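I have placed the structure first, in the form of structure tokens, so that the comments after it can refer back to it.
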Amino acid sequence: MYFLGNASTRRVQLDAWSQTVQGIAEFIEVAIHTILYVRQIYPVDLFVRRKKYNTPVFQSRHPALNEYISGAVGALAEELATGSVDKIAVVVKNQDDVALERFIFAVQNMINVDPYNKDISVEGAIAPSSLGQYLRSFLVKLNMIEAQLGQLDSCGELSFAIVLELHDNKAPATSYGEDRDPPPWVPALTPHTTAGAADTAELHMVRAVDTGIINLSLAVQESAEKLKLGREDPKGKGRVSS
């Protein structure tokens with residue numbers, strides 16, 4: 001696990017909480033597009049080159065896909081603000097709905113925030129305006145992830161799912177179902193969750209950052225099913241050997 005740099009000792013006002021939540025949600029949206037591109041879930045010509053955090057990224061230009069991702073991340077940001085989120089997983093799956101890879105964003109809230117309390121300061125936190133320089137290294141690593149994971153050529157038609165994992169005894173905010181049809185979150189298939197991974201799955205840490213407000217780490221998990229396909233593929237396309 002890598003923790004990026006040392007947090008500034010300046011005192012950051014509590015409204016940095018909401019700015020940090022929004023900053024992390026924005027990063028996850030960029031990361032989802034990047035994952036879809038580098039793992040070739042969709043044809044490469046569906047994406048356009050952009051720049052974020054002063055590093056090249058690729059963004060889908062398909063309106064329906066962009067709307068789906070944006071809506072999911074908007075709902076995710078609301079959950080992050082409640083402090084109930086444990087992990088967010090972007091699950092790459094095959095045509096049989098079998099999880100092949102899980103890109104796991106783990107979050108840890110370092111402070112408890114009362115929405116009405118805006119006068120407390122946070123000692124030793126990264127300023128939201130500086131967060132981008134730390135998140136940049138996540139995207140740099142993601143852009144090179146194929147060298148570690150190999151290609152998915154032998155895995156057939158691919159799709160993805162966004163899975164939200166909450167802390168024990170937590171449920172998505174009830175307001176979601178009141179004015180949205182359908183609600184953004186539905187119960188996930190257990191095999192798609194991190195708890196549903198087999199013991200033989202392999203986990204690789206990508207990057208981590210300690211913001212002092214919400215800590216974030218990213219890891220990628222290769223499922224037992226993907227590793228088995230890699231061993232059975234005589235051309236070795238399922239995975240590059242390390």
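All of the numbers you see were taken from the coordinates with simple rules; none came from a lab. Remember, it's a predicted structure, so these values are computed and weren't measured experimentally. FYI the Cβ positions are ideal-geometry reconstructions off the backbone, even for glycines, and counts take in every protein chain you see.
Remarks
- Residues L227, L135 arranged by fewest to most Cβ contacts within 10 Å: L227, L135
- Label-point separation in nm, Y68 to D86, each point 7 Å along Cα→Cβ: 2.6
- The stretch 11-232: Lys pairs at Cα distance under 18 angstrom, eight or more positions apart or on different chains: 5
- Neighbourhood charge, 15 Å Cβ-Cβ cut-off, centred on A195 and excluding it, Lys, Arg +1 and Asp, Glu -1: -1
- Extension gain, H167 back to D153 (0.36 nm per residue minus Cα-Cα distance, nm): 1.5 nm
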